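Novice: Here it is, the structure, as structure tokens.
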Amino acid sequence: MKKAKNIMNINNIARAVVAVAIVLVIIAVALTFSRNFGGAASDDEYRSIVVVASGDTLSKLLTEQGFSNAQVLDIAKVLKSDADITSLRANSDKIEFVRADENAPVSKVVIIPSPWKQIEITCNADGQWQCQTIDIKPDTRVVYREGEILDGDSFYLAGGRAGIPDGILAEVYDLLAFEMDFERDVRAGQKFSVLYEENFSNGEKIDNGRILAVQFEALRGNVKMYRFKKADGKTGYYDENGNGAIKSLKRTPINNARVTSSFSNSRKHPVLGYTRAHKGVDFRASTGTPIPAAGAGRVVARGYNNGHGNYVKIRHNASYETLYAHMSRFAKGVVVGTTVKQGQTIGYVGSTGLSTGPHLHYEIIKDGKHVNPMTVKLPAINNLDKKDKERFQEYRKVLDEGVEHLSKHPEWFIQL
Ligand SMILES: [Zn+2]
């Protein structure tokens, strides 16, 4: 069985996917192996595990296990000098005591501060205690989950039903938020899938790893994103054509905000009463909700006018500007000339100017012309160069094959 690896590269996932046909065999062997291994170990030695409770000290726990005062002092000294441990954390640290048999003295103490780290304290032939820190490598498995949006569903509900953990769903949301609007683009019948890592320690799932691939049947077409490591070592997410997942601008600056009025060239104005164009999109949000900059840029206007109320305008590059209106107040330090990062708070939702209630009015201006934030094709800011793109396309095919296999056998996983 392959050892778990922290850093995945194209080669080991390629091998893993080629091996997918024999994954079932590997799983069967792994299960048998771990059962036998566990059994054999407990036949030879007697182990007991104590979870550190509040008020427990190392000396108290060691004394309870039959250590003498001198031994306790020796162990404390070794722990401090070699592992930099002076105290235990209640309800988190575990200590394992190993004996030759139930009545024998403790021959090994293992402090387990996390699933990925152990500190083994043993006594050598001269009666001296020594300690060693051991990093536990996660047993990483790549799993595949797919879901479908039902009537009246949200992406989060459908994802939860598909068994996708919340943290992974939130990452998928952020990753696709540049491509789709989860309020308006999500319809019953749409399917999505995620290929991601799960980390195990001793057969127990501890946490989730990285998302390797994600797919969503959006209204605008099938959106696919893949995690890929470039030749320079940097990792990012890219679509099928090698364009970066992170776009220059966000269609929806405030995550999860509901669209209450969309872009149109003619609409009846709720306050003025007559028909006029709505040059942006309105997002409902409560007063005081932070408004993040949709993209990196420089503040070119900050002020008040009768229509927009308090507003900020950001220039992103030679072509693109964005405008945020009806703010209750501006963020501290955001003035004309301020350089802002994508996601940086520039102001707070309000209802200043011509507005019927708290909301964000958001405009994207391309080459001086207002465009629909929901449909405008936004430029990516982190596309792959020619060489990386070639490698990416090979890698993507391998990942697609993995997805193909796992979609037919959702109970399988790829062992890294
Ligand atoms: Zn508006």
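Novice: Rounded to a whole number of µm²/s, how large is the Stokes-Einstein D of segment 146-228 at 25 °C and 0.890 mPa s, given Rh as the Kirkwood radius over C-alpha pairs? Mind dumping the intermediate values first?
Specialist: Values: Rh = 13.2 Å.
Value of D from the Cα-based Kirkwood radius: 186 µm²/s.
Novice: Near Tyr348, within a Cβ-to-Cβ distance under 14 Å, what is the net charge of the other residues, with Lys and Arg +1 and Asp and Glu -1?
Specialist: Around Tyr348, the charge tally is +3.
Novice: With viscosity set to 1.306 mPa s at 10 °C, what whole-number translational diffusion coefficient in µm²/s follows for segment 258-371 from Stokes-Einstein and a Kirkwood radius over Cα pairs? Write out the running numbers ahead of the final one.
Specialist: Numbers: Rh = 14.0 Å.
Stokes-Einstein gives a translational diffusion coefficient of 114 µm²/s.
Novice: Give, in whole angstrom and from largest to smallest, the semi-axes √(5λ) of the equivalent ellipsoid of segment 97-240, with λ running over the eigenvalues of the Cα gyration tensor.
Specialist: 46, 18, 10
Novice: Return the tail of the calculated pair distribution for the chain, meaning the percent of Cα-Cα pairs more than 33 Å apart.
Specialist: Considering the chain, 53 percent of its Cα-Cα pairs are separated by more than 33 Å.
Novice: Test of understanding: extend the Cα→C-beta vector of Ser59 to 7 Å, then name every residue of segment 71-100 with backbone N under 12 Å from that spot.
Specialist: From segment 71-100, the list is 71-77.
Novice: Residues with beta-carbon under 12 Å from that of Asn310, excluding Asn310: net charge, scoring Lys, Arg +1 and Asp, Glu -1? Walk me through the intermediate numbers first.
Specialist: On the way: positive: Arg302, Lys313, Arg329; negative: none.
That sum, taken over residues with Cβ under 12 Å, equals +3.
Novice: Compute the acute angle (0 to 90°) between the alpha-carbon long axis of helix 23-44 and the principal axis of greatest extent of the alpha-carbon atoms of the chain; round to the nearest 10°.
Specialist: The two axes meet at around 40 degrees.
Novice: Starting from the Kirkwood Rh over alpha-carbon pairs, what translational D in µm² s⁻¹ does segment 155-309 have by Stokes-Einstein at 25 °C and 0.890 mPa s? Intermediate results must be reported in sequence, preceding the final value.
Specialist: Details: Rh = 18.4 Å.
Rounded, D is 133 µm²/s.
Novice: What is the Rg over Rh value, at two decimals, for segment 312-416, using alpha-carbon atoms and the Kirkwood definition of Rh?
Specialist: 1.19
Novice: For segment 328-416, state which GluC sites (Glu not before Pro) are in a DSSP loop and have at most 16 other beta carbons lying within 10 Å of their beta carbon. Each step should come with its number before you reach the end.
Specialist: Details: sites: Glu363, Glu390, Glu394, Glu401, Glu404, Glu411; in loops: Glu411.
Here the GluC sites (Glu not before Pro) that fit, given the DSSP loop and packing criteria, are Glu411.
Novice: Once you've got the GNM for the chain with C-alpha springs shorter than 10 Å, pick whichever of Gly209, Gly295, Gly333 has the biggest mean-square fluctuation.
Specialist: For the chain, modelled as a Gaussian network with Cα springs under 10 Å, the answer is Gly333.
Novice: Over the chain, what is the mean sequence separation of C-alpha contacts under 8 Å (at least six apart), divided by residue count, expressed as relative contact order in percent?
Specialist: 15
Novice: For q = 0.14, 0.15, 0.17, 0.21 Å⁻¹, what log10 I(q)/I(0) does segment 45-135 give under the Debye formula with an equal point scatterer on each alpha carbon and no solvent?
Specialist: Summing over Cα pairs of segment 45-135 leads to -0.44, -0.51, -0.68, -1.09.
Novice: Would you calculate, for the chain, the mean residue ellipticity at 222 nm contributed by helices, counting each DSSP H stretch of 4 or more residues as -39,500 (n - 2.57) and dividing by all residues, to the nearest 500?
Specialist: -7000 deg cm²/dmol
Novice: Now for a different question. What does the charge add up to near Leu323, with Lys and Arg as +1, Asp and Glu as -1, over the other residues with Cβ less than 11 Å from its Cβ?
Specialist: So the surrounding residues net to +2.
Novice: Could you pull out every one of the lysines with an alpha carbon less than 19 Å from that of Lys313, ignoring same-chain neighbours closer than 8 positions?
Specialist: Answer for Lys313, where 19 Å is the Cα cut-off: Lys247, Lys250, Lys279, Lys332, Lys341, Lys366, Lys369, listed by chain and number.
Novice: How tilted is helix 386-408 with respect to the longest principal axis of the chain? Cα atoms for both, answer in degrees (0 to 90, nearest 10).
Specialist: With both axes taken from Cα atoms, the answer is about 70 degrees.
Novice: Which of these, Ala218, Ala277, Ala70, has the largest mean-square fluctuation under a Gaussian network model of the chain (Cα springs below 10 Å)?
Specialist: Highest fluctuation of the listed residues: Ala70.
Novice: Kindly provide the chymotrypsin sites (Phe, Trp or Tyr not before Pro) of segment 197-290 that DSSP labels as loop, not H, G, I, E or B, and whose Cβ sees at most 15 other Cβ atoms within 10 Å.
Specialist: Loop-located and lightly packed - Tyr274.
Novice: Using the count of nearby Cβ atoms within 10 Å as a rough guide to exposure, how do Thr345, Thr86 rank from fewest to most?
Specialist: Fewest-to-most ranking of Thr345, Thr86: Thr86, Thr345.
Novice: Of Ile111, Ile291, Ile365, which has the largest mean-square fluctuation in a 10 Å C-alpha GNM of the chain?
Specialist: Result for the chain, Cα springs under 10 Å: Ile111 fluctuates most.
Values in this text are rule-based calculations from the coordinates and carry no lab data. Note that the coordinates shown come from a computational prediction; the quantities given were computed from them, not determined experimentally. Please note: Cβ atoms are built from the backbone with ideal geometry, for glycine as well, and neighbour counts cover all protein chains shown.
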